[in-house]
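Input: a single structure, listed below in structure tokens.
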Amino acid sequence: MGKVKIKRKSTLIDMTAMSDVTVLLLTFFMLTSTFLQKEPITVITPSSVSEIKVPTANLVTVLVAPKGNVFISLAGDKDSTFSSENMRAELIKNVVAEYNNVYNTNIQLTASEVNTFARTNMFGVSIKELKGWLDLSQEQRDAYIDPAKNPEKAGIPIDMNQDLSKPNEFQIWMRAIYNSSNPNIEGAIKRGEGIAIKADRTTTYDKIQVVMDNLQTMKMNKFSLMTALKSEDE
């Protein structure tokens, strides 16, 4: 008796439907995710049990490096009128104008330099060196404000100044942000939701205290300290 031959079936699988699902999922995550913005230095925030989320709009983030270098990031509103780029373009014009008035200088920025600053997420450089910094390439600007590569010049100049008739540069930046045309910024700062201080777990308290004292001198008494959620092992 002859053997019955079993008909072989094709092992090919139609992956069209799976590909469609993969593309849809990828598109969904790209549109709903918040991408991490570039910062001059990577910090590991201290742990806490707080689960309060820092807002992503109408927020001023003050980054304090372990050596005390201070950087600022400004996130605007979701509304295109007060978008982050528009707010930063307005900010740099107001800051330069006040600095020229207070310190009797004549710094003038071109439209190209203003646009470059508007696209910069986090900044930290002396105002008198701002124009030269904006004329550098992206790689050169990153290196200039990197505390590891340029510890003496990286960061916004700040001290324990309490004379607001002669504000230091950090106070000029913060006052310009508070007085911006976006009313939501002022409201968020008054509610204590508009300013977040971010520092590495190795940053000593005296470095952070300088920032907090400057904010309190300007009557900005409500702010958040950014932390990471404490794990079970901690």
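The values are calculated or read from the model by the stated rules, or taken from the named source; none is laboratory data. This one's a predicted model, so the numbers in the text were calculated from it and none came from an experiment. With ideal geometry, Cβ positions are generated from the backbone for all residues, glycine too; neighbour counts draw on all protein chains shown. Just so you know, the surface numbers come from the protein's heavy atoms only, side chains and all, with ligands and any DNA or RNA stripped out. Shrake-Rupley method; radii C 1.70, N 1.55, O 1.52, S 1.80 Å.
How many of the residues making up the stretch 133-162 are over 21 Å from Glu98 (Cα atoms) and either part of a helix (DSSP H, G or I) or not hydroxyl-bearing (Ser, Thr, Tyr) (or both)? Please lay out each step first, then the result.
Of the residues in the stretch 133-162, the ones over 21 Å from Glu98 (Cα atoms) are 135-154.
Narrowing further to those that are either part of a helix (DSSP H, G or I) or not hydroxyl-bearing (Ser, Thr, Tyr) (or both): 135-136, 138-154.
Count: 19.
Which of the following residues is part of a loop (DSSP other than H, G, I, E, B) and among the polar types (S, T, N, Q): Ser112, Ser181? Quick ask: steps written out before the conclusion?
On the way: Ser112 fails: part of a loop (DSSP other than H, G, I, E, B).
Answer to the selection: Ser181.
Residues in the stretch 163-187 that are over 19 Å from Tyr99 (Cβ atoms) and open to solvent by less than 30 Å² (accessible area, probe 1.4 Å): Asn182, Ile185, Gly187.
Across the stretch 184-202, the number of residues qualifying as touching a residue at least 60 places away in the same chain (Cβ under 8 Å), out of contact with any helix residue (DSSP H, G or I) (no Cβ under 6 Å at 6 or more places or on another chain) and part of a loop (DSSP other than H, G, I, E, B) comes to 4. Within the stretch 115-124, the set of residues being over 20 Å from Asp200 (Cβ atoms) and either outside any helix (DSSP H, G or I) or in contact with a Gly (Cβ under 9 Å, 6 or more places away or on another chain) (or both) comprises Arg119, Thr120.
Criterion first (within 15 Å of the chain's Cα centre (by Cα), open to solvent by 60 Å² or more (accessible area, probe 1.4 Å) and of a type in the set (Val, Ile, Thr)) does Thr42 satisfy it? Yes; evaluated as a whole, the condition is true for this residue. Can you pull out the residues in the stretch 75-96 that are of a type in the set (Asp, Glu), free of Cβ contacts under 8 Å to residues at least 60 places away in the same chain and under 16 Å from Pro183 (Cβ atoms)? Result: Asp79, single match.
Across the stretch 72-87, what is the total count of residues that are open to solvent by less than 20 Å² (accessible area, probe 1.4 Å) and assigned to a helix (DSSP H, G or I)? Outline the logic, then answer.
Pass one, the stretch 72-87, residues open to solvent by less than 20 Å² (accessible area, probe 1.4 Å): 72-74, 76, 87.
Next cut, assigned to a helix (DSSP H, G or I) only: 87.
Number of matching residues: 1.
Residues in the stretch 200-219 that are touching a strand residue (DSSP E or B) at 6+ places or on another chain (Cβ under 8 Å) and open to solvent by less than 10 Å² (accessible area, probe 1.4 Å): Val211, Leu215. Filtering the stretch 106-162 to residues that are open to solvent by 20 Å² or more (accessible area, probe 1.4 Å), out of contact with any Leu (no Cβ under 9 Å at 6 or more places or on another chain) and of a type in the set (A, V, I, L, M, F, W, C) leaves Ala111, Leu136, Ala148, Ile158, Met160. Being among the hydrophobic types (A, V, I, L, M, F, W, C), open to solvent by 50 Å² or more (accessible area, probe 1.4 Å), out of contact with any Phe, Trp or Tyr (no Cβ under 7 Å at 6 or more places or on another chain) and at pLDDT below 95 is a property that Val54 has.
Sub-6 Å Cβ pairs linking a first residue in the stretch 156-176 that is without any contact (Cβ under 8 Å) to a residue 60 or more places away in the chain to a second residue that is among the polar types (S, T, N, Q) and open to solvent by 20 Å² or more (accessible area, probe 1.4 Å), at least 6 apart or interchain, are Gln162/Thr217; Asn168/Asn161, ordered by first then second residue.
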